[in-house]
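The block underneath contains the structure these notes are about, expressed in structure tokens.
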Amino acid sequence: MRRMILLASLAIGLLAGDLEELRASIKTQNVKGNFTQTKILSGFDKPFKSYGSFALKDDELLWDTSRPIVSHVVINKEGIFQKNGKDLVKTSQNFDEGLFLSMVKLDTNELEKEFDIKFEGDIKKGWRIALEPKNLLLKQIFTQISIFGDKFVRKIELYEVSGDKTINEFEIK
């Protein structure tokens, strides 16, 4: 029994070490690029795609959709805001405002509060983190979230309980 506890403790320690090493090795500040967001909705034959640019700086994500509908969104720890001219108007969302920001920044300290984290791959060659919701609210929305990357976060896949799926792919400039 002691041996199993020791092995479990060692495995948890290695995972924590891998996540810390990963977090330290990827770039999450002053990152800019383009994104493609694909929404696959159950009951629809074709996926919906949107395109735009993003900028991640400090503790803020600027998310500018250029097509098919133009929108400008700012995501930070205070919430999700829609730009309306020069003003920012807070939008109401069904999930934690900081959740997507934590995923893009790979803030493992925040993610560990809400998810069980499984890490696989190689920090230099490519990796995947699987997030499984811990709390009841997130379990009612997501079955799993996968984050892929190398020295940057390159893709986030959100699998919903409804059968819908959202894929965010990032091309870094």
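The values are calculated or read from the model by the stated rules, or taken from the named source; none is laboratory data. As the structure is a computational prediction, the values presented were derived from the model and not from experiment. We place every Cβ from the backbone using ideal geometry, glycine too, and count neighbours over all the protein chains shown. Only protein heavy atoms, including side chains, enter the accessible area calculation; ligands, DNA and RNA are left aside. Shrake-Rupley method; radii C 1.70, N 1.55, O 1.52, S 1.80 Å.
Here are Glu78, Glu171, Glu112: which of them is of a type in the set (Asp, Glu), closer than 24 Å to Lys46 by Cβ and open to solvent by 40 Å² or more (accessible area, probe 1.4 Å)? Explain how you work it out, then say what you get.
Details: Glu78 fails: closer than 24 Å to Lys46 by Cβ; Glu112 fails: closer than 24 Å to Lys46 by Cβ.
After ruling out the rest, the residue left standing is Glu171.
So, of the residues in the range 81-103 that are among the hydrophobic types (A, V, I, L, M, F, W, C) and at pLDDT 85 or above, which turns out to be most open to solvent (accessible area, probe 1.4 Å)? In this case the residue turns out to be Phe81.
Tell me which residues, restricted to the range 20-49, are outside any strand (DSSP E or B), farther than 21 Å from Leu106 by Cβ, hydrophobic (A, V, I, L, M, F, W, C) and open to solvent by 80 Å² or more (accessible area, probe 1.4 Å).
Initially, the range 20-49 is screened for residues outside any strand (DSSP E or B), giving 20-30, 41-47.
Retained after the next criterion (residues that are farther than 21 Å from Leu106 by Cβ): 41-47.
Narrowing the set further to residues that are hydrophobic (A, V, I, L, M, F, W, C) leaves 41, 44.
Residue satisfying the conditions is Phe44 alone.
As a summary of the residue check, Val70 satisfies the conditions (1) aliphatic (A, V, I, L, M); (2) under 14 Å from the mean Cα position of the chain (by Cα); (3) open to solvent by 70 Å² or more (accessible area, probe 1.4 Å) except for the one numbered (2).
Does the range 117-163 hold any residues that are part of a loop (DSSP other than H, G, I, E, B), loosely packed, with under 15 Cβ neighbours inside 10 Å and of a type outside the set (Lys, Arg), and which are they? I'd like the intermediate steps shown before the answer.
Looking only at the range 117-163, we keep the residues that are part of a loop (DSSP other than H, G, I, E, B), and these are 123-125, 134-135, 150-152, 161-163.
Going one step further and asking which of them are loosely packed, with under 15 Cβ neighbours inside 10 Å, we end up with 124-125, 134-135, 151, 161-163.
Answer for the range 117-163, where residues must be part of a loop (DSSP other than H, G, I, E, B), loosely packed, with under 15 Cβ neighbours inside 10 Å and of a type outside the set (Lys, Arg): Asn135, Val161, Ser162, Gly163.
Residues are listed down the side, and each one gets a yes or a no for (1) in contact with a Ser or Thr (Cβ under 9 Å, 6 or more places away or on another chain); (2) closer than 23 Å to Glu120 by Cα; (3) without any contact (Cβ under 8 Å) to a residue 24 or more places away in the chain:
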position: Lys134; (1), (2), (3): no, yes, yes
position: Ile145; (1), (2), (3): no, yes, no
position: Phe148; (1), (2), (3): no, yes, yes
position: Leu158; (1), (2), (3): yes, yes, yes
position: Ile167; (1), (2), (3): yes, yes, no
position: Phe170; (1), (2), (3): yes, yes, no
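Listed here are the residues, each with its yes/no results for (1) β-branched (Val, Ile, Thr); (2) farther than 16 Å from Ile167 by Cα; (3) touching a strand residue (DSSP E or B) at 6+ places or on another chain (Cβ under 6 Å).
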position: Lys39; (1), (2), (3): no, no, yes
position: Phe48; (1), (2), (3): no, no, yes
position: Leu62; (1), (2), (3): no, yes, yes
position: Val70; (1), (2), (3): yes, yes, no
position: Gln82; (1), (2), (3): no, yes, yes
position: Val89; (1), (2), (3): yes, yes, yes
position: Leu101; (1), (2), (3): no, no, yes
position: Glu120; (1), (2), (3): no, yes, yes
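The single condition among (1) touching a Lys or Arg at 6+ places or on another chain (Cβ under 7 Å); (2) open to solvent by less than 70 Å² (accessible area, probe 1.4 Å) that Gly52 does not satisfy is (1). Name the residue that is modelled with the highest pLDDT, counting only residues in the range 1-19 that are open to solvent by less than 70 Å² (accessible area, probe 1.4 Å) and among the hydrophobic types (A, V, I, L, M, F, W, C). Per the stated criteria, the residue is Leu19.
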